[in-house]
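Undergrad: One structure, as structure tokens, below. Some questions next.
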Amino acid sequence: MNMTHLFKDVMNKVFAYSNYDLVNNVITLCLLPKLRYWASLEIISSMRGYEGPLLDLGAGDGSMTRYVLKLGLKPKFIVLLDPAINGLLSIKDLRQEMVDKVVAVGEALPLRSSSIQVIYTAFALRQFNNKAIALTEVRRVLRKGGSLVVLEFWRPDNALAHIVLIYYLTAILPLLISLVAPRTIKEYLTMRDTIKGIGSISWLRLLINKFVGDVISSRKYMGIFTIIRARK
């Protein structure tokens, strides 16, 4: 089973049996609202002078879209795309005439070329089976001058930070999950698998630059969180 299909099953159970937003806030040590805020500013900046459409790639339960709309973004249309149907089915509070919910994978986007102004993805790119193909698809569907905004938890550039991260995922994370989502401990612990065999944050930045376009903004937080914005 490849990573994309594995995480489709994992996330379907996560959305069915846990409070996804609460758990994410706990495992990011309560940094989640700040990370979403900073990523939202990049999305809003990318949309200046445009009305959309937008693509939330790996939308899950729509948390990132919900947050950016709360900050005042008023696009005409948003596509919420995710391989895990349970997350999409849980979205009830977004105006149905403004969103399309699509079950699909990032490596084969069912969208027309040059049809999207801004694509954003929050904590999903790690789970894609073939990140290069997914980013190539991002470039294909972006309009000229369109932007990709990535918010991610990723392997650190610093070797010591990487060791600390592995310790956190191995020893601390299981304890946190057992407190807030005991029925999905196994599923959340697959986070450890997502940083195996991938390059560092600097590698990710180079990958996005190669397959999508010029990286115009890149920031790191605590060495393991990153927000990257690239323009086609």
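Undergrad: Looking only at the stretch 191-232, count every residue that is surrounded by 16 or more Cβ atoms within 10 Å (Cβ to Cβ) and either modelled with pLDDT under 95 or not in a helix (DSSP H, G or I) (or both) and tell me the total.
TA: Residues meeting the conditions: 19.
Undergrad: Just one of (1) more than 24 Å from TYR188 (Cβ to Cβ); (2) among the polar types (S, T, N, Q); (3) at pLDDT 95 or above trips up THR121, so point out which.
TA: The number of the failed condition is (1).
Undergrad: Would you check if there is a residue in the stretch 97-120 being assigned to a loop (DSSP other than H, G, I, E, B), closer than 17 Å to ILE201 by Cα and of a type in the set (Asp, Glu)?
TA: Applying the first criterion (assigned to a loop (DSSP other than H, G, I, E, B)) to the stretch 97-120 yields 97-98, 104-115.
Within this subset, residues satisfying the condition of being closer than 17 Å to ILE201 by Cα are none.
Looking through the stretch 97-120, none of the residues is assigned to a loop (DSSP other than H, G, I, E, B), closer than 17 Å to ILE201 by Cα and of a type in the set (Asp, Glu).
Undergrad: Residue under question is THR170, and the condition is that it be touching a residue at least 12 places away in the same chain (Cβ under 8 Å), over 16 Å from ASN19 (Cα atoms), in a helix (DSSP H, G or I) and hydroxyl-bearing (Ser, Thr, Tyr); does it hold? Let's see the steps before the verdict.
TA: Working: touching a residue at least 12 places away in the same chain (Cβ under 8 Å): yes; over 16 Å from ASN19 (Cα atoms): yes; in a helix (DSSP H, G or I): yes; hydroxyl-bearing (Ser, Thr, Tyr): yes.
So THR170 passes the test.
Undergrad: Oh, and also: When you look at ARG143, is it of a type outside the set (Phe, Trp, Tyr), in contact with a His (Cβ under 9 Å, 6 or more places away or on another chain) and either crowded, with 20+ Cβ neighbours inside 10 Å or modelled with pLDDT of 95 or more (or both), yes or no?
TA: Values: of a type outside the set (Phe, Trp, Tyr): yes; in contact with a His (Cβ under 9 Å, 6 or more places away or on another chain): no; either crowded, with 20+ Cβ neighbours inside 10 Å or modelled with pLDDT of 95 or more (or both): yes.
In short, no.
Undergrad: In the stretch 121-155, which residues are acidic (Asp, Glu) and assigned to a helix (DSSP H, G or I)?
TA: Just the residues of the stretch 121-155 that are acidic (Asp, Glu), to begin with: 137, 152.
Across the stretch 121-155, the qualifying residue is only GLU137.
Undergrad: Does the stretch 57-66 include one or more residues that are under 22 Å from GLY213 (Cα atoms) and hydroxyl-bearing (Ser, Thr, Tyr)?
TA: No - not one qualifying residue is present in the stretch 57-66.
Undergrad: What pairs come up if the first residue lies in the stretch 15-42 and is within 19 Å of SER218 (Cα to Cα), the second is polar (S, T, N, Q) and surrounded by fewer than 19 Cβ atoms within 10 Å (Cβ to Cβ), and their beta carbons are under 6 Å apart, counting only those six or more places apart or on different chains?
TA: Qualifying pairs under 6 Å: LEU32/ASN25.
Undergrad: Filter the stretch 110-120 down to residues that are surrounded by fewer than 24 Cβ atoms within 10 Å (Cβ to Cβ) and touching a helix residue (DSSP H, G or I) at 6+ places or on another chain (Cβ under 9 Å), then give me how many there are. Full working, then the answer.
TA: Taking the stretch 110-120 as the starting set, the residues that turn out to be surrounded by fewer than 24 Cβ atoms within 10 Å (Cβ to Cβ) are 110-115, 117.
From what's left, touching a helix residue (DSSP H, G or I) at 6+ places or on another chain (Cβ under 9 Å): 111-115, 117.
Count: 6.
Undergrad: If you go through the stretch 50-91 one residue at a time, how many are crowded, with 23+ Cβ neighbours inside 10 Å, over 13 Å from the mean Cα position of the chain (by Cα) and outside any loop (DSSP other than H, G, I, E, B)?
TA: 5
Undergrad: Which of the residues that make up the stretch 20-63 are at pLDDT below 90 and of a type in the set (Asp, Glu)?
TA: Within the stretch 20-63, ASP21, GLU51 qualify.
Undergrad: Another question, then. Which one of the conditions (1) modelled with pLDDT of 90 or more; (2) surrounded by 23 or more Cβ atoms within 10 Å (Cβ to Cβ); (3) farther than 17 Å from TYR120 by Cα; (4) of a type in the set (Val, Ile, Thr) does VAL14 fail to meet, given that it meets all the rest?
TA: (1)
The values are calculated or read from the model by the stated rules, or taken from the named source; none is laboratory data. None of the values given here were measured: they were computed from a predicted structure. Heads up, the Cβs are rebuilt from the backbone with ideal geometry, glycines too, and the neighbour counts pull from every protein chain shown.
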